[in-house]
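Comments concern the structure below.
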Amino acid sequence: MHVVVLMKQTFDTEERIRLVDGKIAEDGVKWIINPYDEYAVEEAIQLKENQGATVTVVSVGNENTTQALRTALAMGADEAVLIEAPDLSDERAIAKAIVAYLKDKSFDVLLAGNFSVDNGAGQVAIRVAHELGLPHIAAVTKLTIEGNQATGVREIDGDVQTVTATLPALFTAQQGLNEPRYPSLPNIMKAKKKPLTTLTLSDLGLSNDDVAAKVERVEVTLPPKRQAGQKITGTPDEQAEQLAEILVKALR
Amino acid sequence: MDFTLPSELEEMRRTIRDFVEHEVEPLAMQIEEEDRVPDSVLEKSKELGLFGLSIPEEYGGIGLNMLGKCVIYEELGKTINGYTTIIGAHNGIGSVGIVEFGTKEQKEKYLPRMATGEWIGAFALTEPQAGSNAAAIKTTAVKKGDRYILNGQKIYITNAPYAHVFTVMAVTDASKGAKGITSFIVERDFPGFRVGHIEKKMGLHGSHTAQIFFEDMEVPEENVLGREGEGYVNALKILANGRAGLAARCLGSCEYLLDKSLAFAHERIQFGKPIFEQQIIQHYLAEMALEIELLRTFVYRVAWMTDQKMNVIKEAAMLKLYGSEVYNRVADKAVQIHGGLGFIAEYPIERFYRDARITRIYEGTSEIQKNIIAAQLHKEYERTKADV
Ligand SMILES: Cc1cc2nc3c(=O)[nH]c(=O)nc-3n(C[C@H](O)[C@H](O)[C@H](O)COP(=O)(O)OP(=O)(O)OC[C@H]3O[C@@H](n4cnc5c(N)ncnc54)[C@H](O)[C@@H]3O)c2cc1C
Ligand SMILES: Cc1cc2nc3c(=O)[nH]c(=O)nc-3n(C[C@H](O)[C@H](O)[C@H](O)COP(=O)(O)OP(=O)(O)OC[C@H]3O[C@@H](n4cnc5c(N)ncnc54)[C@H](O)[C@@H]3O)c2cc1C
């Protein structure tokens, strides 16, 4: 079985976002594997351990992204591919690059995160499945593979849904799928010797036109600061009266 | 000169930092109060490979050089020191003796299980009448056929309550003084081995230090570590090897304290403004940051020198002395900046303040480090004089 994981490097979710000249400042920021993609990596490694598989992790990013790929290798992936394309911005273009890489590869399972915690579009993986004409099951919290049949369990409003698909297929990982491991120190040493290939867009036969953005980012702003609260004092009657006044004013 | 770390060490640093932050630090208060590190935390630490830092790859460890160990110890220093001490004593004084002086057979027998943490290591030198003056130990080892019979008592032995493998120093020839001491590998289930009282300590809760007794304990002769009569020198080498690692742990704790103090100074409002705006608080923080920066540079320089196989007797003593003294000064300032909160046990600062204190005492007191430095200076002087 060949499992390919689509993976993005993102900001640490605990990081404070700063804007400099209308852009998110990236200096001194801690980078991590997108948490949902980390579930995907873990799931792939568990498939490898339990059923035997080769695991390839693929990421579109820049030189800094090799750090996240090395982490995935240390967790247990066999091989990593960096598609070096720092200027790609919209999800369609990123999906195009991944499709260009995957189209002549053979694989059984494609795994990715449900969405990335930075931009949160949740599009790339689904677009890849669409372009490759593959079935996909989104946001799985349990995945079982038997032969060429996959069963994914999804949590839907207060209930669970079980969906089956025939491989090759794509699955996106939801929180709860598994508990990602810490790469062990010996595996970090071993990861150094695992193959990490870097490809450019032209290596993949893509021109600038192929990956031109269709979506333009107009502005990035921080959420408005929360207003200070207002304290209501007095006897219960007075408080009720004040509250009613405030509500009425707000509704008008 | 290049101060960048190899990328795999950066990766290890990130991993251990994450692990400490998410798996150990949330339990620090519990560990402190129960005086016990939960088995689950130790198990996860073993899975990560944290018990095989000094042990070569061929014996199942990761065989890190000193630079690598210091990176990891720095990160481990950022949480409750009792946890860090279990791991530090095992990887340092607890296993380095076998790695450095063991025969192939001894290494094959002990190291693989020590690397996984199945067998914890300890180091037993100190006795009631022999602390700083370690050559005054009285535990005897008398040869009888193909074995040695050990009798005596050790005190303050870290990891003793749960260790399986002990590096023990004992007197094989009382007429030869320090040259009559031999080191042995002792297993806790050798008949005649007994763990005594577990000490109640000011700090390092979670790590346990106990007395051990040998009562006509038989040790097979193949368990002599190194050569007969070289036990004292072995002990000094093992202790010297651990000094950079101990300083790296101090460094991590200092960084934790600076982080907390800097944040507190910005958040704590008195007299209508953050106390950070008081120049005295700024100066405390500046002094802490400066000493920490110097300590960091020194830790990694000595680690590098050690890895180049340079003689670091003087530098390692300086580093152990400086690291532990800086830790104590930084902890004192951290308490001061936190005001009353720095004294309250529901907040971590006072714990670090207590834990800091032992670093000036064990693995060679500050005074003994100064003696070592001065003795080296004297040697250097004698050497230059000889050159003239
Ligand atoms: C928590 C803890 C864990 C320990 N773990 C271990 C362990 O795992 N294995 C082990 O073998 N030991 C261990 N020890 C023992 C530790 O190494 C000794 O406590 C330390 O070496 C000091 O010895 P001492 O306590 O006998 O003090 P002493 O040697 O009696 O020293 C008392 C004071 O006199 C000073 N002094 C002594 N001689 C001189 C001198 N020549 N010049 C100037 N000043 C001097 C000392 O610096 C100190 O200030 C541990 C101790 C503690 C408290
Ligand atoms: C065990 C204990 C018992 C106590 N008992 C009592 C009691 O019985 N009754 C009672 O009323 N209180 C009591 N206290 C409170 C104690 O008096 C305060 O903790 C102390 O006054 C410091 O105040 P703080 O903790 O709010 O620290 P903060 O005032 O927040 O000070 C934090 C740091 O900022 C510094 N700082 C603050 N302002 C300035 C400034 N203008 N210039 C320079 N530096 C500044 C401080 O010196 C300190 O280093 C007790 C506290 C403890 C821990």
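What to note about this one:
- Loop chymotrypsin sites (Phe, Trp or Tyr not before Pro), segment B:1-100 (other Cβ atoms within 10 Å of the site Cβ: 13 or fewer; DSSP): B:F3
- B:Y322 - accessible surface, heavy atoms, 1.4 Å probe, Å² rounded to 10: 60
- Length added when fully stretched, A:K105-A:I246, from 0.36 nm per residue minus Cα-Cα: 44.4 nm
- q = 0.14, 0.22, 0.24, 0.28 Å⁻¹, segment B:239-283: log10 I(q)/I(0) [Debye, one scatterer per Cα]: -0.47, -0.72, -0.79, -0.92
- Multiplying the residue separation of B:R357 and B:D189 by 0.36 nm and subtracting their alpha-carbon distance yields 57.1 nm.
- Cα centroids of segment A:157-175 and segment A:22-48: 21 Å apart.
- On the beta carbon distance between B:H283 and B:E10, with R0 = 35 Å, the FRET formula returns roughly 0.60.
- Placing unit charges on the Cβ atoms only, positive for Lys and Arg and negative for Asp and Glu, gives chain B a dipole magnitude near 1120 debye about its Cα centre.
- Chain A against chain B buries an accessible area of about 1500 Å², both chains summed, 1.4 Å probe radius.
- Its alpha carbons considered, the protein assembly as shown gives a radius of gyration followed by a Dmax of 29.6, 101 Å.
- Computed [θ] at 222 nm, deg cm²/dmol, chain A (DSSP H ≥ 4; -39,500 (n - 2.57); rounded to nearest 500): -8500 deg cm²/dmol
- Whole-Å distance, taken between Cα centres, linking segment B:54-80 and segment B:1-40: 12
- Once the Cα atoms are used to define both axes, helix A:91-102 deviates from the longest principal axis of chain A by about 20 degrees.
- Helix A:35-51 axis, angle to chain A major axis (alpha carbon atoms, nearest 10°): 40
- Shape category assigned to segment B:1-99 from the gyration tensor of Cα positions, a/c cut at 1.5: oblate
- Kirkwood hydrodynamic radius of segment A:44-97, Cα pairs, Å: 12.0
- What separates the Cα centres of segment B:325-376 and segment B:218-246 is a distance of 28 Å.
- Per-pair calculated FRET efficiency, R0 = 51 Å: B:L377 and A:Q175 via Cβ, rounded to 0.05: 0.25
- Here the sum of -39500 (n - 2.57) over DSSP H runs of 4 or more residues, divided by the residues of chain B, equals -16500 deg cm²/dmol at 222 nm, to the nearest 500.
- Where trypsin sites (Lys or Arg not before Pro) fall in DSSP loop in segment B:154-237, at most 14 other Cβ within 10 Å: B:K200, B:R227
- Label zone of A:D27 (point 7 Å out along Cα→Cβ, amide N under 19 Å): in segment B:260-283 this covers no residue at all.
- Each residue, A:Q230 and A:E146, gets one label point 7 Å from its Cα in the Cβ direction; the gap between the two is 6.2 nm.
- Rolling a 1.4 Å probe over the protein heavy atoms leaves B:S7 with an accessible area of roughly 80 Å².
- Folded to 0 to 90 degrees: helix B:366-387 orientation relative to chain B principal axis, Cα: 70
- Modelled label positions at B:S175 and B:E33, each set 7 Å beyond Cα in the direction of Cβ, lie 6.1 nm from each other.
- Candidates A:L110, A:V153, A:I246 compared by Cα position along the dipole of chain A: farthest toward the positive end lies A:L110, with charges placed on Cβ.
- Normalised per residue, the volume of the convex hull around the Cα set of segment A:1-88 (Å³): 92
- Pairwise FRET efficiency - B:A136 versus B:R113, Cβ, R0 = 35 Å, nearest 0.05: 0.60
- Segment A:141-221 shape via C-alpha gyration tensor axes, a/c threshold 1.5: oblate
- Put B:R13, B:R268 in order of accessible area, highest first, and with a 1.4 Å probe you get B:R268, B:R13.
- Normalised by 2.2 N^0.38 Å, where N is the number of residues, the C-alpha radius of gyration of segment B:136-270 stands at 1.40.
- For segment B:54-147: rounded, prolate or oblate by the Cα gyration tensor [a/c cutoff 1.5]: oblate
- Length added when fully stretched, B:D146-B:D332, from 0.36 nm per residue minus Cα-Cα: 61.6 nm
- Cα extents of chain B along the three principal axes, largest first (Å): 79, 61, 42
- These residues, B:D2, A:D90, A:D108, B:D146, go from largest to smallest accessible area, 1.4 Å probe, as B:D2, B:D146, A:D108, A:D90.
- Of the beta bridges in chain A, as assigned by DSSP with both residues counted there, near 40 percent are antiparallel.
- Rolling a 1.4 Å probe across all protein chains gives B:E267 an accessible area of roughly 130 Å².
The values are calculated or read from the model by the stated rules, or taken from the named source; none is laboratory data. Not measured: the values here are computed from a predicted model. With ideal geometry, Cβ positions are generated from the backbone for all residues, glycine too; neighbour counts draw on all protein chains shown. Surface areas here come from the heavy atoms of the whole protein model, side chains and all, with no ligands, DNA or RNA. Shrake-Rupley method; radii C 1.70, N 1.55, O 1.52, S 1.80 Å.
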